[in-house]
1. Return the total of residues in segment A:518-534 being closer than 26 Å to A:Asp632 by Cβ and part of a loop (DSSP other than H, G, I, E, B).
2. Going through segment A:267-296 one residue at a time, which ones are in contact with a His (Cβ under 6 Å, 6 or more places away or on another chain) and buried (at least 18 other Cβ atoms within 10 Å of the Cβ)?
3. Sort out for me the helices (runs of 4 or more DSSP H) sitting completely within segment A:724-817 that have 1 or more residues that are closer than 30 Å to A:Arg571 by Cα, without any contact (Cβ under 8 Å) to a residue 40 or more places away in the chain and among the charged types (D, E, K, R).
4. List every residue pair whose Cβ atoms sit under 7 Å apart, with the two residues 6 or more apart in sequence or on different chains, where the first one lies in segment A:75-103 and is closer than 20 Å to A:Gly770 by Cβ and of a type in the set (D, E, K, R) and the second, anywhere, is surrounded by fewer than 18 Cβ atoms within 10 Å (Cβ to Cβ) and modelled with pLDDT of 85 or more.
5. Can you pull out the strands (runs of 3 or more DSSP E) entirely within segment A:573-688 that have at least 2 residues that are within 23 Å of A:Val562 (Cα to Cα) and not basic (Lys, Arg)?
6. Let me confirm something: among A:Pro581, A:Pro544, which residue is surrounded by fewer than 18 Cβ atoms within 10 Å (Cβ to Cβ) and closer than 27 Å to A:Gln643 by Cβ?
7. Taking segment B:71-110, which residues are over 15 Å from B:Gly27 (Cα atoms) and within 12 Å of chain A (Cβ to nearest Cβ)?
8. Could you check segment A:716-737 and list, in sequence order, the residues that are in contact with a helix residue (DSSP H, G or I) (Cβ under 7 Å, 6 or more places away or on another chain) and either surrounded by fewer than 19 Cβ atoms within 10 Å (Cβ to Cβ) or of a type in the set (Gly, Ala, Ser) (or both)?
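The values are calculated or read from the model by the stated rules, or taken from the named source; none is laboratory data. Everything numeric in this text was worked out from a predicted model, so none of it was measured. Please note: Cβ atoms are built from the backbone with ideal geometry, for glycine as well, and neighbour counts cover all protein chains shown.
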Amino acid sequence: MNWWQRLWRRKQIEEHLEKELRFHLEQHTNELIAHGYSGSEARRLARLELGGPEQVKEQCRDARGTRWLEDLLQDMRYAVRMFTKNPGFAVVALLTLALGTGVTAVMFTVVNGVLLKPLPYHQPDRLVALHEKTETSNQFGNLWAFAYPNYIDCEKESQSLTMAAWRYNGGIITGPAGAEYIDAIQMSSELFSVLGVMLPLGRGFRAEDDHLASAPVAVISYNLWQRRFGGNPAAIGSSVVFDGQSYAVIGVAPAGFRVNDNDADIFTPLGQDPSPALQMRDRHPGIAVIARLHPGVTLDQARTELALIGRRLAQQYPQSNNGRGFVADPLRPEVGDVGATLWLLLGAVSLVLLIACVNVASLLLARAVSRERELAMRVALGAGRGRLVRQCLTESALLALLGGGLGIFLAASGIGPFVALWPGSLPRAQEIHLDWRVTLFAIAISLVSGILVGLAPALRAPSRDLERSLRAGGRTIAGNSRRLHSAFVISEVALAVVLLVAAAMLGGTLVQLSSVNPGLQYHNVLITRMAMSPTTLANPPILPAWKNALERARHLPGVESVALVDTVPLREGNNQLAYWPAPTMASPTDAPIALANSVTPDYLDVMRIPLLAGRFFDDDDRAGNELVVVIDDVLAKQAFGTQNPIGRRVWIPSTSSPFSPVREGADPVRVVGVVGHVRYWGLAGDDQAHVRAQFYYPFAQVWEPWLRRWSELMSIAVRTSVPPSSIVGPLRKELGGDQALYGIQTMEQLVSDSLARQRFLLLLFGIFAGLALLLACIGIYGVLAYLTSQRVPEIGVRIALGARPADVMWMVLRQGLGMILAGIGTGVIGAWAAGRVLQHLVEGMRPAGFSTFAITIPILIAAALFASVVPARRASRVDPMTALRQD
Amino acid sequence: MSEKSDLPQGTLDLLILKVVALGSVHGYAIAQRLQQVSRDVVQVPQGSLYPALHRLENRGLLAADWKETETGREAKFYRLTRKGRAQLDAEAASWKRLTEAVGLILRMAPEGAE
């Protein structure tokens, strides 16, 4: 008989055991009778010799080896019976646990998808990211994107790595459906194979495609294939026109393919890019390099080899490569600053889960205490202590697992809305799924919480000394669990305080930030990027084309003024330049940095930024005339202190100057005006920002050959007299044709979005705090109701001795209040610590002030007292006669 | 009862296997046989006999069938399996080695005292 047969034929086995022992007893009795004993004496002796039949049976059952499983099944049946007998308790406990595990599982799913999962490529642990590294670091650090020629050399010489390069390159795709701006990626021919990506249709690039003279070919995204070609396989071999160049489509990328979380619709060979800057070793557009370690090669070996190549290139090209090496690091997903927020939220939901556990634990404990007599009885009947502990734990684990299952279900339906609610786009959002990791995590936390909530009753119940429990009859022993119960309530209240204060801090911060002046008037301003017509870009001069576009936009009805700007306040992306307060600088790497923004003369008008001194730009500030800048008051103070900056000069180091191609010294520029500071980094983040100084320079003074690159960066800003969204249509019509408007936003949106993270956190913390408060109130109610019911006889005596209902009520309330105040005391300490964490992690967070506590604590006390009133009133109405007759 | 010595740890299994090896028997008969064979010197607690039988059955050393006794009653008869026989041989041999070794040491004791 194998183990499952034994398990399923349990009943038959039990019968056989009974029969075998009976046979033994009868045989023995008969033999004793034959030896002359009387019938009853013989039976007694036989029994005595064998020992207690129940004990023998237990030992026989133990010998079977499937005992634990049988017990488990029995315990589970018993637990289910207890739940159905007490459905109210079971439902409350189940829902509480489901909620706790559910929210925790949702947060973990997101953390898992965004932060923990490896990149979705073949053997991601063999992938590395390469950077150039300079010996000296300046204000921007010492890690740099690769120069294309350096990449070509490294790729040729490396024996330990297969390398691939890529670069973002948006542009216009034209066709019968009109012009459309799409994201594009230029890549070296090896990128698909380095990442281990197979194309579902067509082929990837070959080495011979990766040259300037090769026939233009492109791989399109799965999405574009569906959109433009209706998913027709005949797309292979047809052509697309991208940025004025016709490409033959040779392949389709797999659905959802992203290069390190960068989306693109079209992929072209990097080697076909004609731009001369790409072939330079300095002042080049950087490219990203990903490589795969050859089998058996360690990262250290690859690093050593790269260092060697770096030294050789430094000798060969001292002007550009002196002091420049190459480094490799494991390829990691780029998730920006989302990590801190996610961990913060995971921490917050863990608190909710903890409260849920404490709540269920106190419910279970209350039940265990009322079941004390039952347990004592079972000990008397031969149940071992371990057996009872196991039974208690089985019960709570079953409860937690059921709750966890429900929680996973909740999580599955909650992830979608959560990701959708996330302000802005969540990195790696495609990779957020309920997978085996999440399921495992949910089961693990369910089991742990099951054991946690079962621990108190399990360890407590059988340890009571037997005789006292039986004799006491459940009347006087209640007091012993009181301390544990109080501890539960205190910790629940403390956890609720932490969450409430955190929510209040976020709320206060948000209110304060909303009233902050961004430094410009953001109503009625529309921002749009424009991808210039490829024919215009290919045929300079470009400036008149922009002028023409602005002129046409200005004459639309409802438009007041129009300007070009490269760095839009509060929007992603910025351009930072170093400046020198003198024509030479001893250590150029220490030069201060400012945000540099190229604009057209009407920019101040469009944004309504106050002019504090001097003048803003006009049409005379163009190439050939003196180079001019307008600075903000922060830079004025930083560079000139209290002196008048108008007419003074600053120097822009030519290594990065937009005005000229020279490689040494610095371009002098004259300060002609001072304007107010604009909160570029957002309402919340600007105060703490690293670079706050700002200056503006005329778009018309950018060195002519660079205008094409600048044109990709410029946005059009439109001040309107009508709601800005209403001019999107006319603007599109006016400027459309073979150029495309994209990334259309209003300044109002940008201002609001800059607080989206804080608002989102406030919403979530508000929900968590509400849940915590509700759970804590349920906990307080449950515990007080239970403790009071245990004291009914005592209360009866008090009333019989003349206590008034108000006295009794006060007695119960005082008990509740004691726990609440102790909880608040503990909670305030926790909240202070949590506040420090929040300040560290959330931009613009103000410290928790007195008012934060003054708002939250009374709410908590009121709610908690409300929860205590019901049991207190019930106690005050105890009828002394009934109470004394109890038991 | 006090004159009888307790059964050394682990030997009950060996004795049961030996008794069952002589032919298929039921539990009570095993108890009696053990009592007789050991000439009332060794105390076999009946209470531990049945758990031991079940344990041996569970390990596949014994097999059991329900059969009628000569008095026409149904009883559970144990017999040795092939695995059980191998186990018996192994344990008996090791027991023999152990007792010989112990005896040897005990005999040596007076010489060592000289």
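1. 7
2. A:Gly271
3. Working: elements: A:728-735, A:747-753, A:756-790, A:792-800.
Filter on segment A:724-817 gives A:728-735.
4. Within 7 Å, no pair qualifies.
5. A:593-599, A:611-614, A:628-632, A:666-675
6. A:Pro581
7. Matches in segment B:71-110: B:Thr71 only.
8. Result: A:Ala717, A:Glu734.
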